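In what follows, a structure is listed as C-alpha cells, so that the remarks can point back to it.
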Amino acid sequence: MADYVKNKDLYNELCRCQDVSINYSLELHEMFQKMVDKFSYKFSYKFEDDRKDCKSMAIEDLYRYWTNFDRNKTTNAFAYITQIIKNGYAKGWRSLYPHGFESSNKVRISIYNIWNL
C-alpha cells in the first residue's frame, strides 16, 4: 500500500466493514494510522509526549465514531474521517492545555514591538 490513503480505497473499506458489521478490518486500521500520523505533523508541540497524547485521542475518537459514516449522504469518506481526526486532536489539546499557554494573551502583530492585548 502507498504511503498515503486514497478516498476511493477508504470509502470502499468503510462500506465493506459496515456491510459485514465488524468493528474494523486490518486494512482500515492501517489507513487510520497513516492518516493520524500524517495529520500529527500539521501542528507543532512543545513536547513530543503531547503529540502522542493528541494522537491517541484522535485514534480513540476514530474508533468511536467511524461507524456513523452515512454513505447515502456522501462518498467523501476522507473528509469525514479527517474531521473526526481533527476533532480528536482538538479534544486532546484542550485536555492538555485547558487554559492555553501562559503567554497566549499577548500577540505580536509587527516587527516594531507593537503588541495586541
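Throughout, read-outs are computed from the coordinates displayed, never taken from laboratory work. Since this is a predicted model, take the numbers as computed values, not measurements. As a convention, Cβ positions derive from the backbone with ideal geometry for all residues, glycine included, and neighbour counts pool all protein chains shown.
R51 meets all of the listed conditions (1) under 12 Å from the mean Cα position of the chain (by Cα); (2) within 14 Å of T82 (Cα to Cα); (3) buried (at least 17 other Cβ atoms within 10 Å of the Cβ) but one, namely (2). Residues that are in contact (Cβ under 8 Å) with a residue 12 or more places away in the chain, farther than 16 Å from C15 by Cβ and under 14 Å from the mean Cα position of the chain (by Cα) occur at least once in the stretch 41-48.
Selection of the stretch 1-22 for residues being within 15 Å of Q33 (Cβ to Cβ), surrounded by fewer than 17 Cβ atoms within 10 Å (Cβ to Cβ) and not charged (D, E, K, R) yields M1, A2, Y4. Scanning the stretch 18-68 for residues that are of a type in the set (K, R) and assigned to a helix (DSSP H, G or I) gives K34, K38, R51, K52, K55, R64. Scanning the stretch 56-70 for residues that are free of Cβ contacts under 8 Å to residues at least 24 places away in the same chain and surrounded by 13 or more Cβ atoms within 10 Å (Cβ to Cβ) yields one hit, Y65. For the stretch 23-44, the set of residues classified as among the hydroxyl-bearing types (S, T, Y) and either touching a Leu at 6+ places or on another chain (Cβ under 7 Å) or exposed (fewer than 15 other Cβ atoms within 10 Å of the Cβ) (or both) consists of S25, Y41, S44, listed by residue number.
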